[in-house]
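Have a look at the structure below, then the notes.
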Amino acid sequence: MTAPVPASREDAATSVMAALAEACPEGEVRLIGSMATSAGPDAFSDIDVRWAIPPGQASEQLQALRLTLERVAEVESLRVDPEVRPDSCLVFVRFEGWPLWWRVDLEIHATGLRTTDVRGADPWSPAESACMGVIVTVKALARNRPEAAEDLMARALRRVDGTDVAGSWPVRIASLLDHLESSSPSTAALVSRTRHLVREVLGGESGRGADDSDRGLPD
């Protein structure tokens, strides 16, 4: 059975941290980012977690990571950032049915860790990365940070050789989402959910099938 969606972002974070702590009792897991500050997260915050693993256990834990996270809920997407980082790696996780804002950004730290090899990880997808770029662009706009939004949008376009268009933010974002839908059919479901999110935050149209893109979306 599919696990129920947590009642809150805080409950979601607690579940992820508990699974990691159980998998590696000798490690240390804690929140970072906005959820670790006194101000706390806003409606658009993701879940940032730092997991420190003893060096001798790092390889084993990376190989079992997807199974560990499946104890929380069905893993919809597990991607390892291809950038090589000394003694660490960065993993992006989306769980089935969870709001798109609740992506888990998991920093894994272990002395000597120089691999991004995680068994069961999904292939790195520029299209999915660009779609995530749309989401953080919308987040920046919602937080009234237009300069950051411009930078994030430019990065998303570069990932898929997209072309920016003139017009309002909903029009520009719709054009990129249309490009993703055409060039990467495997991201169609994610694009549809992203269109829905864009309309919720920015209003206006969000591209092809705007009148029908609510169909099949989770409540």
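The values are calculated or read from the model by the stated rules, or taken from the named source; none is laboratory data. Predicted model only: the values in this text are computed from it and were never measured. Every residue, glycine as well, gets a Cβ built from its backbone with ideal geometry; the counts of neighbours run over all protein chains shown. These area figures cover heavy atoms from the full protein model, side chains too; ligands, DNA and RNA do not enter into them. Shrake-Rupley method; radii C 1.70, N 1.55, O 1.52, S 1.80 Å.
In table form, for the structure just shown:
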| quantity | calculated |
| --- | --- |
| Integer Hz, Karplus 6.51/-1.76/1.60 couplings in order for segment 81-90, x for Gly and Pro | 4, x, 5, 7, 10, x, 6, 6, 8, 10 |
| Segment residue 111-residue 59, extension gain: residue separation times 0.36 nm, minus the distance between their alpha carbons | 17.6 nm |
| Amide H within-cut-off set for residue 32, under 5 Å, with H built and near neighbours excluded | 48, 49, 50 |
| Mean accessible surface per residue for the chain, computed with a 1.4 Å probe while every protein chain stays in place, in Å² | 49 Å² |
| Debye, to nearest 20: dipole size of segment 100-171, +1 on Lys, Arg Cβ, -1 on Asp, Glu Cβ | 140 debye |
| Centre separation in Å (Cα based) which lies between segment 99-178 and segment 1-37 | 23 Å |
| Furthest towards positive pole of dipole, 134, 13, 99, structure part the chain, Cβ charges | 134 |
| Protein accessible area in the chain, 1.4 Å probe - carbon and sulfur % | 50 percent |
